[in-house]
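Chemist: Pasting a structure below so you can have a look.
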């Protein structure tokens, strides 16, 4: 639906929109939700999409082109609009909303609600009454946590529904000291639950309580002359001591708090939650966010707080933020059990700086890991074919670029990539003739026409893909050149400004992810073609400058020009020569040498 049709649709709906808080859903022609947004005033917010003079980013413009319908939901307050927006985004996963990467994909630890509870690990846990801990964004931390629990505590690993469903005899865990066999009555429900209370305290980061309880039990076991049990508890305490040695846990001058860190790089961002309990950093959790486009940092931080921080269990009573998010008062209303502060000095400020350092580190790690992942992922050639929707993978690809110097020395370059790598034996350079000297579009048309004609004459195959440096105009010129000789040859253009990819017969440009291997392959080919064109254009300009300067000297023809350049290498070399040095060249006299020096130095 175009802007006019969209305006006509909304003209009818605007009359019914109240000046109240709510949520709006943009949909395409098929009914798919494209974007979910919240509004303090539905009427004013929806009108802002239709304002002709409003500055709108690429995402909003694309949304307007695809939107065919609008739904709205009125709610009593802005806080409820914020919550409803979050729920609808999770349900519909709209294309144009900020993407919370890997949402619901991180593993968590659950303590089941059974007479003899178990510990369950999973990514989508739905256990009624269970206590959830996590999600753990670092799987290595989760594994280490489970290892410590198994070392210190005797949590059963079986799946029996105790006490009703029980085996006849204990399993191997009982015999190696990993379980006290509650299944056969060797451990009572009271003792087992007391042990599970310690497990929950450990998972919550309350290690001081755990240490105190373990020390009491160790003393009691020693008093009862159960030295074997006392030794087991002593070993458990040693494990806790190792966990609390720096730098594993850092002591900070804040008792209990959650520090929120934030870092952003263009279209990528990360939010971090550093948990401080008892004055010690006990955990760090994070979420990566994408599809940010022109969203301001305040809105991204607000999204992180609502969609990622709010669902976390065991939040602290105080959360410190790096800056004020958008709609802070409504976020605070949703997370009513936590007070938000933006400190500017003191211990809390240092804690926020620590969280920000973690965020920057994670974002840098994401970038480095993406580089490694890209190198290990599918061949970029196949990735490019998939992203462009080609029927044949572009194993051979050419890229064309034009270089000019104020309408003079215009040249074209053509580089050939085979299997994603440069094949320099197939590089070609073109001196542009005619109207192409002043027109890049005409120059591209000339380069491709000459290239295809020469390949046809030599009986050589054409490439699988043609890439042109430029936008829609350059693409159309290439289409015009290829239409009579190779109409089925795949063709695209790559614009420098926003790295937009233009395809024939597609009105909108294609934007590949910035770290996509397919885009990097296109950029590499484009940059190589540009380098090759620039070097040729500079060489032509240098040769023209030298030749024109020497052409003006009476008595110096082509043979003597070649002799001068062969002896001194350049025009600057001729200027720095002496008259005897020039006269020593066969065919040159002292009088001619004086005349040459007089002209080249006057020209300088």
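Chemist: Quick check on my filter: what residues within the range 426-471 are crowded, with 18+ Cβ neighbours inside 10 Å, at pLDDT 90 or above and over 26 Å from residue 391 (Cβ atoms)?
Modeler: None - no residue of the range 426-471 is crowded, with 18+ Cβ neighbours inside 10 Å, at pLDDT 90 or above and over 26 Å from residue 391 (Cβ atoms), so the list stays empty.
Chemist: A further question follows. Might you let me know whether the range 535-552 holds any residue that is at pLDDT 70 or above and part of a helix (DSSP H, G or I)?
Modeler: Yes, that holds for at least one residue.
Chemist: From the list 442, 533, which residue is touching a strand residue (DSSP E or B) at 6+ places or on another chain (Cβ under 6 Å) and over 13 Å from residue 397 (Cβ atoms)?
Modeler: The unique qualifying residue is 533.
Chemist: For the range 159-176, give me each residue that is within 47 Å of the chain's Cα centre (by Cα) and either touching a residue at least 40 places away in the same chain (Cβ under 8 Å) or more than 13 Å from residue 116 (Cβ to Cβ) (or both).
Modeler: 159, 161, 173 - these are the residues of the range 159-176 that are within 47 Å of the chain's Cα centre (by Cα) and either touching a residue at least 40 places away in the same chain (Cβ under 8 Å) or more than 13 Å from residue 116 (Cβ to Cβ) (or both).
Chemist: Counting only residues that are at pLDDT below 75 and part of a loop (DSSP other than H, G, I, E, B), how many does the range 558-582 have? Before you say what the answer is, go through the steps one by one.
Modeler: In the first step, residues of the range 558-582 are kept if they are at pLDDT below 75; the result is 558, 561, 565-566, 568-573.
Retained after the next criterion (residues that are part of a loop (DSSP other than H, G, I, E, B)): 569-570.
Qualifying residue count, the range 558-582: 2.
Chemist: Criterion first (within 27 Å of residue 203 (Cβ to Cβ), assigned to a strand (DSSP E or B) and either modelled with pLDDT of 85 or more or not assigned by TED's automatic domain parsing to the domain that holds residue 518 (or both)) does residue 304 satisfy it?
Modeler: In short, no.
Chemist: What are the pairs with Cβ atoms under 7 angstrom where one residue, in the range 337-360, is modelled with pLDDT of 85 or more and the other, located anywhere, is in a helix (DSSP H, G or I)? Sequence gap at least six, or different chains.
Modeler: Pairs that qualify, where the first residue is modelled with pLDDT of 85 or more and the partner is in a helix (DSSP H, G or I), are 340/328; 340/332; 341/348; 343/349; 343/352.
Chemist: In the range 206-261, what count of residues is obtained for those that are within 30 Å of residue 300 (Cβ to Cβ), crowded, with 18+ Cβ neighbours inside 10 Å and modelled with pLDDT of 70 or more?
Modeler: The qualifying residues number 5.
The values are calculated or read from the model by the stated rules, or taken from the named source; none is laboratory data. Computed from a prediction, not measured in an experiment: that's the story for all the values here. Don't worry about glycine lacking a Cβ; one is built from the backbone with ideal geometry, like all the others, and counts go over all protein chains shown.
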